[in-house]
Amino acid sequence: MCFGRCTRCIGCKLLILALLSIVANILLYFPNGETRFASEHHLSKYVECLHGILGGGLLVLIPAAVFIGIHNDDCCGCFGHENCGKSCAMLSSVLAAFVGILGSGYCIIISALGLSHGPYCYTRLERNWIYPFTESSGGYLFEYNKWSKCQEPQNIVQWNVTLFSILLVLGGIEFILCFIQIINGILGGVCRLCCSHEETFAC
């Protein structure tokens, strides 16, 4: 199997995951589809970290574009240019994978923190906007009876838990795929086998 084909497959998967991360992060800005909470800055500080848009999104789109740009039928080329050589293609894919590792890692960390601290909401008891679940260290996730503490935005706990969990999973999958590509790229450079009388990403 050509390593370039495997790289392209990973790139396509990363493209889909990155777009999903961007959509999930955007939805975090609009609880229940309402825009006023974002305009009034009544959102969790972790929502504004752009971990899905920047980390799991744009920084993962970079390696996705690089991986997809490595042609299957030109394993010795780099983005279709034969004179670039195999070393260029392998180096670019490995370096791009590290960028993806950083982006997905950022997405994972912020998503975990967002889940741990809980949402920023208006509570009837304190009559103010606070983080009512900060001291629970994530324990509120299993104490559904306490979710009603948050009066506004409505269902904000469910909204945040669902979307932060999705971003956590997406970031985890992106991280794994980028790590696989690092191994794939290194092995492709070491193997130095031939495909159609040229050096290829073959094993």
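Rule-based calculations on the coordinates, nothing more; no lab input. Small disclaimer: the values here were computed from a predicted structure and weren't measured.
Normalised by residue number, the volume inside the convex hull of the Cα atoms of segment 1-55 is 73 Å³ per residue. Rg and Dmax, both from the Cα atoms of segment 91-171 and both in Å, are 16.0, 57.
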